[in-house]
Structure formats: structure tokens, C-alpha cells
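**Student:** Quick one: this structure, given as C-alpha cells, is what I'll be asking you about.
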Amino acid sequence: MEEFRRLQHSRSHDPTAPACGTSECFAQGMPTHDHPEFYRRFGKTAKGDPRWQCRLCQKTFSAGRPARRQKRSDKNRMLFQMLCNDMSFAKICKITGMTYQDLYKRIDFFHDQVRGFLVEREDFSEVDFHRSGSRFATDSQTLMINWPTRRQRTSVAIQHLCTAHARSGYIMEASLQFDPSMSMLEAEAIAGNANEDHVSIAFRKHARVWTRTEFDAYLAKLQKQKSVKLTNLYQLPHRGVLVRYDILQHAHALRLRDILSSTDAPLYFVMDDDRGLQQAFSSAFMNEIRAQRADLAVVSFDKGMTNDRRNQVVAAGQAFLSGLTGVSHA
Ligand SMILES: [Zn+2]
């Protein structure tokens, strides 16, 4: 549930909404339009943007056009296109004349804008899933992230779990196995204070994220079993914390249950032959499955097949399907 709430927050919190930014303030991150009780209007900036003051910490902040503090905001459209079309950062900097530091800041800016856009526009309760189809496909990908440290460049493998609406391709939910809001030291301290090492992970209060101690022990076990060759690929991120993948899978399935709670359309979930994912969806949608309103379709591939054999299998499958449905496949 902790992880579910984290994912829910990231899709329901608009980072672009004007709000108090003082880190120790109670009103921090609470938008002015949701919590007018914490704020008062405070004139305008030199450029004419409205200014607010936090009643709790007295700090002021402005609202207005999102790119108002950027030097060359006219480049944003092109920059966004470049980032979405596999262009390397080196090339982007060369073409636009930006520094890496500016580029990273601009990426953070885009990220906030996209999140703000989703919070404002995305409303699944308005979707008629009977009409638009209610088949969904879930898959994960491993993102190899180059995470420079002071000592050496190492890669960190982070899972990215996605569920797409089959007919439109719309991404219903995307969950990253990474929580930037907590540090490794905090995770270690919380786990240490809880003093629950003797309890199985499934029954611990604090098991959502990997601590370094646990991760090192896990690596040692894998190495003993000789199942990892490149230990470099299995680093923890150096900032933020890595969420346990099974917990992420369950939280992801719960997010979908939440998103689809307003429809009574029959649900079809298509997924890889991944035990964790199947468990997560069958427990999140237990009631719907029991009532025969939801089905899980598990897809597996024999990657060693030759092309000829693949074509044979596809032809046999289509013949079988035609036999059952009477619909021929052109
Ligand atoms: Zn404040």
C-alpha cells in the first residue's frame, strides 16, 4: 500500500501548481487553489505575474507562464522533439548550444510539465471502456542507467513496468522501480530501528525498498550460485532508493484496479509469463476474476524457434482460431 500511495501521488500531484516551496513548512507543495487557507495574494512580480505569500512561513512565490524563468524558452519545442527521438545529449548540446547542466534542468522542467498536464487532463472515469475496449497489456523493460559515481561509471538496472490500453496504445500506468524521495541511509536507519531482520520479508513493516546490507547479501548469494557474471550491472542507485520489484508489481496492479474502478466492462489483462506479475494481478483483481469479469492471458515465447517453425505455429494457431470462431484470417 505504501508503494501504491507513492505511485498514486506521482500521478495526482501537480508539481507545476503554485505552492509554498519551503522544505520545513507544513504547506510545502500544497497548491494555492486546493488550499487557499494557507495563502494570501501578494501583488505582482516586475513582469506582471501574480505573487502569493504563504501564511505559515511568510515566504513569497510567483505563479504564471511555466517557462517564465528560462532564458531561451523558444527552444523548448525543438528540445522536446529531440529528446523524444533518440538524439544523444551530446548532439542536442552541440546543435542547441546548451550546456549539459542546462539540458538536465530543462529535462526536469519537461518532466514537471508532463506531470502537471496528466493531473489536469487524465480522467479515466470519463472513459467508456465498453466502447473503447478493455484489453490491457503489461510488460516490463530493464533500463540500464549510467550512473556516474566519484570512483567509476557503473550501470544500474532499473525495471520499468508499463500497462498499455490494447486498442489505443495509451499508457494507463507506468511505474519505475525507483523512489527518489528517500535516501539509502534513511532506508538503512528505518530498517535498523524496526529490528525485524528475523522476520520473513513478506511480514516486515519496512520491506518496500532495498537496503544496502540486504542488497549486498543478495548479491553474495547470487554469486555463490554463479547466476551473475557481471556484478557491475547489479548496483544500487547512488541517490534515491530501489523499490523491491515484487512490491512494485503489486502496487502497479493496484493502481490499475484503482484506475478501472469506475467501469463494469469485462477486463482482459495480457502479460508475460512472469510469476510475480500474474500473482500481483490475480490478487488485485481477485473479486473480478472470481465473478468471471476479468481474465489474465499469459503469453510466452519460445525464443529458440526458427523462422519456418514460427510461421508454422502461427498458421496452425490461425486455423485453430478460425475453426472455433468461423472467422477467417486473411
Ligand atoms: Zn510556507
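Readers should treat all values here as calculations from the given coordinates under stated rules, not as data from a laboratory. Bear in mind the structure is a predicted one, so any value in this text is a computation, not a measurement. Glycine also receives a Cβ, built like all others from the backbone with ideal geometry; neighbour counts cover every protein chain displayed.
**Student:** Run through the DSSP bridge list for the chain and note the antiparallel percent, rounded to the nearest 5.
**Tutor:** Within the chain, antiparallel bridges account for around 75 percent of the total.
**Student:** Give the residue list of GluC sites (Glu not before Pro) in segment 1-106 that are DSSP loop and have at most 14 other beta-carbon atoms within 10 angstrom.
**Tutor:** Answer in residue order: GLU24.
**Student:** When the label point is put 7 Å from the Cα of ARG51 along its Cα-to-beta-carbon vector, which residues of segment 13-36 have a backbone N closer than 18 Å?
**Tutor:** Zone members listed by number: 18-22, 32.
**Student:** Which far-off residues, 5 or more places away or on another chain, put their amide H under 5 Å from the one on ASP295, with H placed in the peptide plane?
**Tutor:** LEU267, TYR268, PHE269
**Student:** If you plug each phi of segment 289-295 into the Karplus form 6.51 cos²θ - 1.76 cosθ + 1.60 with θ = phi - 60°, what whole-Hz ³J(HN,Hα) values come out, in order, with x for Gly and Pro?
**Tutor:** 5, 4, 7, 6, 9, 10, 10
**Student:** Within segment 1-45, which chymotrypsin sites (Phe, Trp or Tyr not before Pro) sit in a loop by DSSP and count at most 13 neighbouring Cβ atoms inside 10 Å?
**Tutor:** Here the sparse-neighbourhood loop sites are PHE26.
**Student:** If you plug each phi of segment 177-187 into the Karplus form 6.51 cos²θ - 1.76 cosθ + 1.60 with θ = phi - 60°, what whole-Hz ³J(HN,Hα) values come out, in order, with x for Gly and Pro?
**Tutor:** In residue order, the calculated couplings are 7, 8, 10, x, 7, 10, 9, 4, 5, 4, 4 Hz.
**Student:** So if R0 is 35 Å, what FRET efficiency would ARG40 and GLU186 give, r being the distance between their Cβ atoms, rounded to the nearest 0.05?
**Tutor:** Calculated value: 0.50.
**Student:** Tell me the label-point distance for the pair ILE145, TYR170, using the 7 Å Cα-to-Cβ offset, in nm and rounded to one decimal.
**Tutor:** In this crude spin-label approximation the distance works out to 2.8 nm.
**Student:** Explain nothing, just compute: Karplus ³J(HN,Hα) = 6.51 cos²θ - 1.76 cosθ + 1.60, θ = phi - 60°, for every residue of segment 32-42 in order, whole Hz, x for Gly and Pro.
**Tutor:** Values, residue by residue: 4, 6, 8, 10, x, 5, 8, 10, 9, 5, 9 Hz.
**Student:** Return, in residue-number order, each cysteine of the chain whose C-beta is not under 4.7 Å from any other cysteine's C-beta.
**Tutor:** So, CYS84, CYS93, CYS162.
**Student:** Loop-only chymotrypsin sites (Phe, Trp or Tyr not before Pro) in segment 237-330, please: DSSP not H, G, I, E or B, and at most 15 other Cβ atoms within 10 Å.
**Tutor:** Those that pass, being in a loop and sparsely packed, are PHE301.
**Student:** Report the dimensions of the chain along its three principal axes from the alpha-carbon atoms, largest first, rounded to Å.
**Tutor:** 73, 52, 47
**Student:** Here's a follow-up. Amide H to amide H under 5 Å from TYR39: which residues, 5+ apart in sequence or cross-chain, H placed 1.01 Å off N in plane?
**Tutor:** ARG55
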